[in-house]
Every structure is written in C-alpha cells, then in structure tokens.
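Novice: Would you mind keeping the following structure in view while I ask a few things?
The values are calculated or read from the model by the stated rules, or taken from the named source; none is laboratory data. In this text, all values refer to a predicted model and were calculated from it rather than measured experimentally. We place every Cβ from the backbone using ideal geometry, glycine too, and count neighbours over all the protein chains shown. Calculation scope for accessible area: heavy atoms of the full protein, side chains included, ligands and nucleic acids excluded. Shrake-Rupley method; radii C 1.70, N 1.55, O 1.52, S 1.80 Å.
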Amino acid sequence: MNHHRSKFSFRSLHLSLRFVIPLAIALALLAYAVVPLVDRLALKWFSRDLDIRSSLVSSTLQDPLAELVVLKERTRITALLQKATQDERLLALGVCDNDSKLLYRTSAFPKQISCSPEQPVATTNDHMIKLPQGPVHVVRTPLHFENAEIGSLVLVHDMSFVERRSADTRKYVIILFVVLGVVISLITVFVAHLSWRGWMEGVRAMMRGEGILRPFSKPTSEELQPLVVEMRAMMRNLEAERRHADDMTTVWNPAALRRLLNKQLAGDQVLVVSNREPYIHVKADQGTVVHRPASGLVTAVEPVMRACSGTWIAHGSGSADRETVDRDDRVGVPPQKPEYNLRRIWLTAEEEQGYYYGFANEGFWPLCHNAHVRPIFRSSDWQQYRKINQRFADAVVKEARTDDPVVLVQDYHFALLPKMIRQRLPKATIITFWHIPWPNPESFGICPWREELLQGMLGSTILGFHTPFHCKNFLETVDRYLETRIEHESSTIFHGGQLTMVENYPISIQWPPEWQGTLPPVEQTRAEILAELGLPDDHLLGIGVDRMDYTKGILERFSAVERMLEQHPELVGRFSFIQIAAPSRSVLEEYHAFEQRVHRLTERINQRFPGAVILKAEHHEPDQVNRYYRASDVCMVTSLHDGMNLVAKEFVAARDDERGVLVLSQFTGAANELHEALVVNPYHVEQTAEALYQGLTMPEYEQRERMRSMRALVQDFNVYRWAGRMLLDAARVRQREKLAARIGTSPVFRG
Ligand code: G6P
C-alpha cells in the first residue's frame, strides 16, 4: 500500500516538474526580456510615426505661417495654430524667433518647453519628454521666408496614447506567452510520460530476460536476444568489478563497518540470531562468573556486533543467565562495557534435547561434515527444531523496530528461520551465514526433510558460505531437490517468487587482535608456560585448540605426534604436544565416546613417550588460549572437515613475533587462504608427522617469511571485511529492491 503511494507521488512529482519547469521558464522570459523589448519597440514605432506627422504638419503650415510671422499678424497666426491643433494627437504649437524667444503659442503649449536651443529638455532619441501631465513628443522645425530662416515652429504631440497602446500590446503578448507555455508544458508532459513508461517497460522486460527496451512495441525479437544476454553479462561484470574495487580499496576495521552501516544502510537495525550466546553467565563458588564460549561463530560475530550495536538473540544456556537479564530478557554486553544488547531465549530441557542436541547436532552436524559419523534423524527432534526456529522468529519480529531490519541468521541451528522471518517481515534483509561445510547433493539427500530445510534457507536475501565449493554444493543440492530457477553465472536462485543470492564470504577474526600491544613479550610467556608445566627452558611445544569434537581430527593429530617421535627419537623428552579441548555436546553418545577415545589414546602415547601429549580437556577463556598460542613452536589444525577453522587464524594473529609454524588440514576452509601453512591430509599420518617435524625444525628466517605473509592476509581479510562485504551486498540488494518497488516489478530484481 505504502509503496504504491510513494510510487504514485514519485511519478506525479516527476510529471508536475515537467509541467512547471517549462511554464516557469516561459514566464521568466516574459518578465525579463519580452515585455521590456515590446515596450521599447512600440515607443520607437510611435515616435517615428509622430516624426512623420510633425514634418507633414510643419510643411503644411510652413508657407502661410511664415508669411503671417513676417507680417506679425498675431490674431491670424494664433487662429492658424489653434486650428492645426484640432488633430487629437497634436497637443500644442509654438513659434520661436531666431533669438529663441517664444513669439506665439497655442493655449495648451506646456510651460516647461521653451525655444532655447537646449530645449526641449531631456529629449530622448525618440523626441520624448516626460512632463507631469504625461509624455509628449517635441519636434522643432525651421521657418523660412524667401530663403531666409526667420524662426522655428515647435510641434508638441501628446504621447499618452503610446502608453495606452503599449499596455494593450503587453497584455496580448502575456496572454500569448502563457498560452504557449501551457501548450509546450502539456506536450512535454505527454512525451515524457510516454517515454518514462516505455523506459520502465524496457527495463522490466530486460530484467525479466525478455528483451531490450522498445517503447510502444512488444518484447524484443529473437535477433536482439544475443545483445540482451551481452548486456546482462556486462552489467554483472560491472557489478563484480565494483565489488572487487570495494574489496580492494577499503581498509576494514570497526570504524569502516560503522560508516558502511550509517551510509549504506542508514538507520537500519541489525539483529543477529545464533544458538550460542556470546556471554554466558554461570553460577560458581565465588558468585556469578561470565564465560566466553569456545565457538568459532561467536569469535567472529562478536567483534562485528560490538562495531554495529543492535541486538543479538541467542539461547540463554548459562546457569545464571536468567538472573542477569531484565524484564524483557535482555542484558547489555560485554558485561564490563555494554555495547549491544543480548536477548536471551529460554528452552526447556526437552526442547534443547530435540532441537539442539537432536536435530542440529546428531542430524545436521554429521550430515554436513565428512567425518564418517552417521546422522540420526528423529521426527520428534524435527518437531522441536521447527518449534524453536519459530520461537526465534517470533523474537526477531518482537525485537525489530522497523519493518525492514537487517537480520544476520547464523548457522545450521536455524535453517527454517529465514522463511519464517520473511513471512512476518517481508521487507527485512535476511543474511544467513552457514558456518559449517555444505555437503554434496547425494549426502544431503538422505535427510528426510530436505525440501523443507532448503525452502527455509531460501527465505534469505543472501546466503553465505565460507568457500566457493560450498556454494556450488548448495546450488547443486537445490537444483536436485527443488523446482527453482538457478542462474549459475550470478549465483542466484529464484524460488517461490523471491531471489536469493548465494555467495562465498570467508570468515575471519578481528584485527588488530584483542590484546595487541598489551601482552608481555613472547619469550616471557613461553618461559612462564614452560615453568607452569614443569618443563625445561629449551623444551619444544606444539599446540592444538579445539572443542572436543570428532570432526577436529584430534585422534589423527595425536597419532601424527606419536609417529613423529617414533621417526625422530632425538625429540623424545624434548617435545610435548598441548591439546586444549573444550568440553562440547558431551551429553551426546558420539561425543562422549569420542572423548573417551581421546583420553585413551593420550594415555597410550604417554606410556610410550612420557609427557608427549598434555591433554587439557576443560574450558579455557580466550586470553588463556592466546598465551599458549604465543608460547608454542607449532600449531596443529588437523580437522577432518571444517567450514573455515578460526584457530588457524587466531594462532597467526597471536604471533606478533613472526615466529611459529602452522600445520593445517587441507580439509579446512582456512587452507584456501593460508597458503604458507604446512598443508596436510590428516588421514595421512606419516605426512602429518613429517609436517610436524618440519615445523619444529624450520629455520627462523623461513618461519618469519611464512608468518609475515599469513599475518598480512589475516590483517587485510579480517572479520570486518567479512561482515562488510555481506552488508554491502545486502545494501545493493536493498537498493535494487527499492528501485523494483518504485517501478513495480517483482523481487526478481533482487539478484
Ligand atoms: C561450530 C558451529 C557453531 C557453534 C560452535 C560451538 O563452530 O558452527 O555454531 O557455536 O561450533 O558449538 P556449540 O554447540 O557448543 O555451540
């Protein structure tokens, strides 16, 4: 309704401008040029007319008057002059002698006019004098008698008729111009209206893929199709180049992100939805403590949210969460210095079991990861998943201050949420980011609710994955299971009357890193850690930081450590591998069993090589983890399958000394970016063992070279760029949507 009104007013404004402008120009021209010109011309014409009349009168009077003047016949002269002035225009006549004395005059002769050579005063070129009684035309002609000049005749014509005539002419000219102005304006409006309609039709047709603009004609003929295709490709290239230029030229930091929000998405509210909350309030012996969870998602999104403000909606999972929120279940975070709102959603144990443990983590998680764990699909879990997605959708609607907020939906817990939000807030910009891999169509096809899940995701304006490969998998999956129109070139899906852009946005971490410039030197931290572990100063350290999850390749990593020590016995007793493994989803059988296996393998290796594996299977806060990164010689990231893996980037960011080596699984998204890491196949134990050894023995200059290059990449491709690129794309989509709304096309424009 609203957009119809705005469309109408926009167009009527256009039309009225087209009407008013020519009219205004015509009137201005009239006032400043035409009327004065008409006045001047009229005066000239009438003066010339009076000049002719004057010379006619003077030549008629010449002979009789000259004779009478010589005879000084005053009475007859006056009668003659009086008779001559019966012409309505000739106001007065006077006769001067050669000494400029007025000898005779008619009764109406103006006293301001004399016979002096300088007189009549102030005559213009047109012989006009302005007298109080009105303008007069004055001409003096010599009087001759027998070839001698005996004086002069002064003829005074009344010119007030000129003003009357001028006023009449002016009136007619004004009427003529107004009529002309109106006619021209109407013609302009008419022509503009036709061409506006034609242009719009053309644009609409082209975007529908029908053809190029042809006002007053049917959609393009076939011979124009290649041109249309070319034009559309050109438009896409331009768009891609613009994106690339934006990417390259912008230095991404919190300020740049804020600027983007204010400039491109002015006034729009940002809402984040994730299952895991960024700050967890937990009851402890010493009172309530705040935990920051081990979650790549939280690590990445939290700094973005601090830059953007807004509201983050998440499951309140901490034991002291309820006690720390206000009446509306909100709490300002970070707790020390609140910068945005955390809105908590409550789940019963049953709901959490079905939605989070069940469908999300026993179904979706193994479905999307190639870790050879069978997904479990239970209908009861699926019901809970739907129900909780709806609960979060309701919360989004409640938190939204406008009907078009920017909603950032995070991860596989909320595949149904985009569509649910779209149904309630059709104008919202919904950016869904999938933090884990997307499987190939065959793998995904085993999910009993595959269609509904895909439809749910296609409620998004933009759907983001870490890598182009995951995007490709997704497009192929949709192609396989839904009736859609997919444009592979522009990576867009048209489904259910709406377009979704599928794009890759590799996630990252904040830069500068959180503790930059505030930490003790690496050597000091290393010495402290070694002391805490009771190890000698020259002991070599490896580090792994993960959740206790079967996708992380922890068992393969430990096997590589064991193999490395077998192959390089000189390092036995001189090297330890520290594994920080945050407890995760441990109520699930698969996770519980995995944890047991990790413990058993640790024990077995340590029996062979005492102190080789130091397992810290407990939660560590980010600052503690950072100390271990800084103290270690090698960091091992050996995931069997991982969307991105931010541990790799965190390690690089922590090493401001440009030392340390990263061993990185080729099955992580990070391996696409961090080429200077030692990239391995974690299933290949010998290869991984060799990379570990290479890392421990790598010359300092090589470490520096590799680390410097990786740090430059993470610095540049930081998390603000990740968010910025998505928001920029969203802003562009929004602009197109607004244009589409204005010209009345379908959301097909959104691509
Ligand atoms: C992965 C997921 C995140 C999740 C994190 C921690 O990184 O992509 O969505 O938050 O694991 O898992 P948890 O189940 O503890 O939230």
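Novice: Can we say VAL572 is at pLDDT 95 or above, within 16 Å of the ligand (Cβ to nearest atom), open to solvent by 40 Å² or more (accessible area, probe 1.4 Å) and over 28 Å from PHE717 (Cα atoms)?
Specialist: In short, no.
Novice: Residue pairs, Cβ under 6 Å, 6 or more apart or interchain, first in the stretch 144-169 and open to solvent by 10 Å² or more (accessible area, probe 1.4 Å), second assigned to a loop (DSSP other than H, G, I, E, B). List them.
Specialist: ASP158/ARG89
Novice: Looking at the stretch 444-474 only, could you name the residues that are polar (S, T, N, Q) and either open to solvent by 40 Å² or more (accessible area, probe 1.4 Å) or within 16 Å of the ligand (Cβ to nearest atom) (or both)?
Specialist: Across the stretch 444-474, the qualifying residues are GLN455, THR467.
Novice: Name the residue that is farthest from ASP623 (Cα to Cα), counting only residues in the stretch 505-524 that are among the β-branched types (Val, Ile, Thr) and surrounded by 12 or more Cβ atoms within 10 Å (Cβ to Cβ).
Specialist: Among those residues, the one meeting the criterion is ILE507.
Novice: If you go through the stretch 681-697 one residue at a time, how many are under 20 Å from LEU540 (Cα atoms) and outside any helix (DSSP H, G or I)?
Specialist: 1
Novice: State which residue is nearest to the ligand (Cβ to nearest atom) when the search covers only the stretch 414-438 and only residues that are open to solvent by less than 10 Å² (accessible area, probe 1.4 Å) and closer than 19 Å to THR402 by Cβ.
Specialist: LEU417
Novice: Could you grab me the full set of residues in the stretch 257-278 that are within 16 Å of the ligand (Cβ to nearest atom) and either open to solvent by 10 Å² or more (accessible area, probe 1.4 Å) or free of Cβ contacts under 8 Å to residues at least 12 places away in the same chain (or both)?
Specialist: Residue satisfying the conditions is ARG276 alone.
Novice: Just to be sure before I move on: is ALA294 hydrophobic (A, V, I, L, M, F, W, C), within 16 Å of the ligand (Cβ to nearest atom), in the same structural domain as ASP403 (by TED's automatic domain parsing) and assigned to a loop (DSSP other than H, G, I, E, B) in the structure I sent?
Specialist: Yes: the conditions hold for ALA294.
Novice: Of the conditions (1) in contact with a helix residue (DSSP H, G or I) (Cβ under 9 Å, 6 or more places away or on another chain); (2) not assigned by TED's automatic domain parsing to the domain that holds ALA689, ASP549 satisfies every one except a single condition; which number is it?
Specialist: (2)
Novice: Conditions first: (1) away from the ligand (no atom under 15 Å from the Cβ); (2) in a helix (DSSP H, G or I). ILE376 passes all but one, so which condition is the exception?
Specialist: It fails just one condition, (2).
Novice: Can you find a residue in the stretch 300-307 that is in contact (Cβ under 8 Å) with a residue 60 or more places away in the chain and away from the ligand (no atom under 16 Å from the Cβ)?
Specialist: Yes, because at least one residue in the stretch 300-307 is in contact (Cβ under 8 Å) with a residue 60 or more places away in the chain and away from the ligand (no atom under 16 Å from the Cβ).
Novice: Can you list residue pairs whose Cβ atoms sit under 7 Å apart, with the first residue in the stretch 472-485 being in the same structural domain as CYS447 (by TED's automatic domain parsing) and over 17 Å from ILE462 (Cα atoms) and the second being at pLDDT below 95 and not in a loop (DSSP other than H, G, I, E, B)? Count only pairs 6 or more apart in sequence or on different chains.
Specialist: Note: pairs meeting the criteria are LEU482/HIS495.
Novice: Select, from TYR356, TYR385, the only residue that is under 18 Å from ARG585 (Cα atoms), in contact with a strand residue (DSSP E or B) (Cβ under 9 Å, 6 or more places away or on another chain) and in a helix (DSSP H, G or I).
Specialist: TYR356
Novice: Let me confirm something: among PHE177, PHE145, which residue is over 30 Å from VAL70 (Cβ atoms) and among the hydrophobic types (A, V, I, L, M, F, W, C)?
Specialist: Answer to the selection: PHE177.
Novice: Please determine whether any residue of the stretch 644-664 is modelled with pLDDT of 95 or more, under 30 Å from ASN262 (Cα atoms), in contact with a His (Cβ under 8 Å, 6 or more places away or on another chain) and not small (Gly, Ala, Ser).
Specialist: Checked the stretch 644-664: at least one residue is modelled with pLDDT of 95 or more, under 30 Å from ASN262 (Cα atoms), in contact with a His (Cβ under 8 Å, 6 or more places away or on another chain) and not small (Gly, Ala, Ser).
Novice: If you don't mind, there's one more thing I want to ask. Considering the stretch 315-342 alone, what residues qualify as being part of a strand (DSSP E or B) and either open to solvent by 50 Å² or more (accessible area, probe 1.4 Å) or at pLDDT below 95 (or both)?
Specialist: Passing the criteria: ARG330, ASN341.
Novice: Right, here's the next one. Restricting attention to the stretch 382-413, and to residues there that are β-branched (Val, Ile, Thr) and either open to solvent by 10 Å² or more (accessible area, probe 1.4 Å) or modelled with pLDDT of 95 or more (or both), which single residue is farthest from the ligand (Cβ to nearest atom)?
Specialist: Result: THR402.
Novice: I've got another one for you. Among the listed residues SER443, SER491, which satisfies the condition of being on the phi > 0 side of the Ramachandran plot and out of contact with any Lys or Arg (no Cβ under 6 Å at 6 or more places or on another chain)?
Specialist: Exactly one residue qualifies, and that residue is SER491.
Novice: Scan the stretch 581-596 and report the pairs whose first residue is not assigned by TED's automatic domain parsing to the domain that holds PHE359 and in a strand (DSSP E or B) and whose second residue is of a type in the set (Gly, Ala, Ser) and open to solvent by 30 Å² or more (accessible area, probe 1.4 Å), with Cβ atoms within less than 6 Å and a gap of 6+ or a chain change.
Specialist: ALA581/ALA617; ALA582/ALA294
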